[in-house]
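Since the structure comes first, as structure tokens, the remarks are kept for the end.
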There are 2 protein chains.
Amino acid sequence: MSIAAEMSQLAGRAKTASRKLATLRSGTKNAALLAMAEGIEKAKAHLQSENQKDVAAAEQKGLASAMVDRLRLTDKVIAQMAQGLREVAALPDPVGSVSGMWVRPNGLKVGKMRIPLGVVCIVYESRPNVTVDAAGLCLKAGNSVILRGGSEAIYSNLALAEILQKALSVSQIPSDAIQVVQTTDRQAVLELLKLEQYVDLAIPRGGEGLIRFVAENSRVPVIKHYKGVCHTYVDKDADLEMGVKLAVNGKAQRPGVCNATETLLIHKDVSKDFVPKVGKALREAGVELRVCPVTAKLLGEIPHKAATEDDYYAEFLDLILAVRTVDSFDDAVAHIQKYGSDHTETIVTQNYSTAQRFLETVTSSCVFVNASTRFSDGFELGLGAEIGISTSKIHAYGPMGLEGLTTEKFIVYGDGQARG
Amino acid sequence: MSIAAEMSQLAGRAKTASRKLATLRSGTKNAALLAMAEGIEKAKAHLQSENQKDVAAAEQKGLASAMVDRLRLTDKVIAQMAQGLREVAALPDPVGSVSGMWVRPNGLKVGKMRIPLGVVCIVYESRPNVTVDAAGLCLKAGNSVILRGGSEAIYSNLALAEILQKALSVSQIPSDAIQVVQTTDRQAVLELLKLEQYVDLAIPRGGEGLIRFVAENSRVPVIKHYKGVCHTYVDKDADLEMGVKLAVNGKAQRPGVCNATETLLIHKDVSKDFVPKVGKALREAGVELRVCPVTAKLLGEIPHKAATEDDYYAEFLDLILAVRTVDSFDDAVAHIQKYGSDHTETIVTQNYSTAQRFLETVTSSCVFVNASTRFSDGFELGLGAEIGISTSKIHAYGPMGLEGLTTEKFIVYGDGQARG
């Protein structure tokens, strides 16, 4: 069978299963999630032996050790996957809720009922835990999921899928609700992304290359973010100690993630006081500073480099920070608009009006006052889970939890109304 | 300048204007909407003389008279456009609202604030009133709009745009907030649909050909519906008189629109009583019947044709109705799933459980009980307006009003929280 035919059949089965899934009660879905957690724990030895095949192949290929580490299903990773499923089971089920109804002059009662999207396709790279996390969230939201992981994790992913599907069958949920694409040919992704009659949403998770590949080749709607160029802006009315704390936390607490601060903006009125303090603290945290000429002068002996234009656009994902002194609040906002990626921005200020203006003016997906950019995360913001982050404004904007995996249909209760 | 460069500049200006628009208060936007209404009324003579150029060209080309009629800016159409703008001014402004905030264990206060999408591109066909309606809704929701109408209406659209832009400038809103594409070259649409850095959403309005062209060529998210194959299902527990009324209203009240009923499904237990009644009423309303063998027998002398498989997939947009007797509720739902287009379905029943099951099981964008499919419309459902209808589940599903032209960003009030 051709890959095109194979993917079409797989997606068609996912669609059929999704009709059944959409009508399941929470209790049934939660029982399956708990069975999945138990299944993973019980099959630990088998999982680890299959995973070892992936790890050995990766080592033979000479993959970087960080990459190989991401592949590994250690005891800890397996325990976390099971725990994650149990947490998803404990979350409230968004499906079926109607937040209110309004009555039309002709007596029609109109409301919006939350329903699953249908079929979600996740395209991701090496971490096999995504297989379990994404499957759990999609199931809870009532969606079928098509999982297409990286070729480096294929043995692990297939072993995980088998366990997940077995748990589904115990709960009498069609096993087509969770499918892992067996072929590692990239053509399979291209075929899946054409099937708009079956697939309702595609979510790519991984590096910018993978995300662009999916976005550029998809006929199906895509939820994505290319990169996170997040800003911390220390205003002229900032508590400077808080500014130091949030700049260091934003950059250095975990520099390799998308919500880490990449550029620090400082109002010129406080630069003189603030730059030496924050420069010292950042250097102590091991951060390389790439700074504008005004900031450079104020740093004096503290080691730094000159920032290039490219540095302001950069997602360093490393212990590197661009720093710029700006003339005004408006200049800070203009910098964010020009160089930012609509991900997350925070202002440090004690001024009420400035804080409100920042919240209203900045149109990024997460806009914070006096909090670290690192809180831009589905768990930290209280969504209970995160399937991905969107920096395009359609459907979901920012961290996306269970609700983002659903939509709303209109429902109407009438008593015979016809249009005049 | 190449078309690509021209469209990129136009869209870039729209993006710049959108940043200003996003911060406008409702009062400013409403004043501009009222000025636009007045401007259109005052410029009636000029509008009609420009419109006459389009009408003359269309007649010379030999366009069908129904098409030429759609082009005409009659006194009535001009009055309706002005009235439409005044109604949009009177609608509540969705921008800036925060429906609630929750507090995290660390004290962070988290909420979601509604904000404009940014830049919306509307691609449409002959009716010049879309220029005004879409511009009004996009402005109210705080978006810049790029309007690309059909070449047959270019003089009318450019004349309207000039009036709308003049009204903007009086309110000190950048005139780039409303732009009509001046070239009628189709290449312009292709270029606009590539500009994901500037354009946040594309909405095609017109025939299936136009919609497929936009959907297949867009890098920008698209909100669309290809067709409306709406069903009226008369259940075994239906009030049969109500069934007749809703079947006739659904099909015949205005057959050429997407929410007209295209297929009538009848439970076999009531077919014997119901088919002759509804058949007679539908024939009196001038409806051609294309029916299944069971229905055919029951119709007897009442004129009808045999339905083909294709008839069940068809959006007739005419006084033609497919009619099928089904064995059960489940068969009715299966028919809707197989042949439907996720637009609008209604059940006629007096049975409480059956009504609830229909509302829960059918996943179309509008699911009604005891009401005509013709109510599937932004105004009728109480949205106050309609920019389009979506039958894909991402972002908006069903009729889309002002809220569909916005999104939500996360806002956080902190007092110095850093991640541990």
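The values are calculated or read from the model by the stated rules, or taken from the named source; none is laboratory data. Remember, it's a predicted structure, so these values are computed and weren't measured experimentally. Cβ coordinates were reconstructed from backbone atoms using ideal geometry, including for glycine residues, and neighbour counts include every protein chain displayed. Quick note on the areas: whole protein, heavy atoms, side chains included, nothing else; ligands and nucleic acids left out. Shrake-Rupley method; radii C 1.70, N 1.55, O 1.52, S 1.80 Å.
Residue by residue, here is whether (1) within 14 Å of chain A (Cβ to nearest Cβ); (2) open to solvent by less than 20 Å² (accessible area, probe 1.4 Å) holds:
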{"residue": "B:230", "(1), (2)": "yes, yes"}
{"residue": "B:262", "(1), (2)": "no, yes"}
{"residue": "B:267", "(1), (2)": "no, yes"}
{"residue": "B:285", "(1), (2)": "yes, no"}
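Taken over segment A:349-368, the criterion of being facing chain B (nearest Cβ under 7 Å) and open to solvent by 10 Å² or more (accessible area, probe 1.4 Å) is satisfied by A:360, A:361, A:363.
The set of residues in segment A:330-383 that are part of a loop (DSSP other than H, G, I, E, B) and hydroxyl-bearing (Ser, Thr, Tyr) comprises A:341, A:349, A:363, A:364, A:365, A:372, A:376. State yes or no: is residue B:316 at pLDDT 95 or above, closer than 30 Å to residue B:390 by Cβ and not hydroxyl-bearing (Ser, Thr, Tyr)? Against the criterion (at pLDDT 95 or above, closer than 30 Å to residue B:390 by Cβ and not hydroxyl-bearing (Ser, Thr, Tyr)), residue B:316 qualifies. With respect to (1) closer than 17 Å to residue A:376 by Cβ; (2) at pLDDT 95 or above, the lone exception for residue A:299 is condition (1). Kindly check whether there is at least one residue in segment A:184-192 that is part of a loop (DSSP other than H, G, I, E, B) and either without any contact (Cβ under 8 Å) to a residue 40 or more places away in the chain or surrounded by 20 or more Cβ atoms within 10 Å (Cβ to Cβ) (or both). Within segment A:184-192 (the criterion being part of a loop (DSSP other than H, G, I, E, B) and either without any contact (Cβ under 8 Å) to a residue 40 or more places away in the chain or surrounded by 20 or more Cβ atoms within 10 Å (Cβ to Cβ) (or both)), the answer is yes, since at least one residue qualifies. With respect to residue A:374, is the statement that it is more than 19 Å from residue B:408 (Cα to Cα), of a type in the set (Lys, Arg) and within 11 Å of chain B (Cβ to nearest Cβ) true? When the stated conditions are applied, residue A:374 passes them. Selection of segment B:287-310 for residues being under 22 Å from residue B:236 (Cβ atoms) and open to solvent by 40 Å² or more (accessible area, probe 1.4 Å) yields B:293, B:294, B:297, B:298, B:300. Within the bounds of segment B:232-245, is there any residue that is open to solvent by less than 30 Å² (accessible area, probe 1.4 Å), among the small types (Gly, Ala, Ser), in contact with a Phe, Trp or Tyr (Cβ under 8 Å, 6 or more places away or on another chain) and touching a residue at least 12 places away in the same chain (Cβ under 8 Å)? Yes, some residue in segment B:232-245 is open to solvent by less than 30 Å² (accessible area, probe 1.4 Å), among the small types (Gly, Ala, Ser), in contact with a Phe, Trp or Tyr (Cβ under 8 Å, 6 or more places away or on another chain) and touching a residue at least 12 places away in the same chain (Cβ under 8 Å).
Tell me, please, whether a residue that is open to solvent by 70 Å² or more (accessible area, probe 1.4 Å) and in a helix (DSSP H, G or I) can be found in segment B:93-111. For segment B:93-111, residues open to solvent by 70 Å² or more (accessible area, probe 1.4 Å) and in a helix (DSSP H, G or I): absent.
In the set A:151, A:175, A:144, only one residue is polar (S, T, N, Q) and more than 19 Å from residue A:17 (Cα to Cα); that residue is A:151. For segment A:334-346, the set of residues classified as facing chain B (nearest Cβ under 10 Å) and open to solvent by less than 10 Å² (accessible area, probe 1.4 Å) consists of A:344, A:346, listed by residue number. Taken residue by residue, segment B:394-417 has no member that is more than 21 Å from residue B:114 (Cβ to Cβ), in contact (Cβ under 8 Å) with a residue 60 or more places away in the chain, open to solvent by 10 Å² or more (accessible area, probe 1.4 Å) and more than 10 Å from every other protein chain (Cβ to nearest Cβ). The condition of being more than 11 Å from chain A (Cβ to nearest Cβ), free of Cβ contacts under 8 Å to residues at least 40 places away in the same chain, out of contact with any strand residue (DSSP E or B) (no Cβ under 7 Å at 6 or more places or on another chain) and within 24 Å of residue B:253 (Cα to Cα) holds for only one of B:297, B:272, B:280, B:305, that being B:280. In the set (1) open to solvent by 10 Å² or more (accessible area, probe 1.4 Å); (2) part of a helix (DSSP H, G or I); (3) under 22 Å from residue B:74 (Cα atoms); (4) not aromatic (Phe, Trp, Tyr), residue B:134 fails one condition alone, (1). Scan segment B:207-219 for residues that are outside any helix (DSSP H, G or I) and at the interface with chain A (Cβ under 9 Å from one of its Cβ atoms) and the total you get is 1. Scanning segment B:237-258 for residues that are at the interface with another protein chain (Cβ under 10 Å from one of its Cβ atoms) and in contact with a Gly (Cβ under 6 Å, 6 or more places away or on another chain) yields a single hit, B:242.
Can we say residue A:156 is assigned to a helix (DSSP H, G or I) and touching a residue at least 12 places away in the same chain (Cβ under 8 Å)? The answer is yes for residue A:156. The helices (runs of 4 or more DSSP H) located wholly in segment B:1-77 that include 1 or more residues which are closer than 27 Å to residue B:171 by Cβ and either in contact with a Gly (Cβ under 7 Å, 6 or more places away or on another chain) or of a type in the set (A, V, I, L, M, F, W, C) (or both) occupy B:3-21, B:26-42, B:44-61. Evaluate the following for residue B:271: is it surrounded by 19 or more Cβ atoms within 10 Å (Cβ to Cβ) and among the polar types (S, T, N, Q)? Yes: the conditions hold for residue B:271. Residues of segment B:98-123 that are of a type in the set (D, E, K, R) and touching a Ser or Thr at 6+ places or on another chain (Cβ under 8 Å): B:112, B:114. Looking across segment B:78-92, just one residue is surrounded by 17 or more Cβ atoms within 10 Å (Cβ to Cβ) and assigned to a loop (DSSP other than H, G, I, E, B), and that is B:91.
One residue stands out in segment B:393-416 among those that are within 16 Å of the chain's Cα centre (by Cα) and small (Gly, Ala, Ser): the one that is nearest to residue B:257 (Cα to Cα), namely B:398.
Does residue A:328 count as more than 21 Å from the chain's Cα centre (by Cα), open to solvent by 10 Å² or more (accessible area, probe 1.4 Å) and closer than 17 Å to residue A:268 by Cα? Yes: the conditions hold for residue A:328.
Selection of segment A:378-393 for residues being within 9 Å of chain B (Cβ to nearest Cβ) and among the acidic types (Asp, Glu) yields only A:380.
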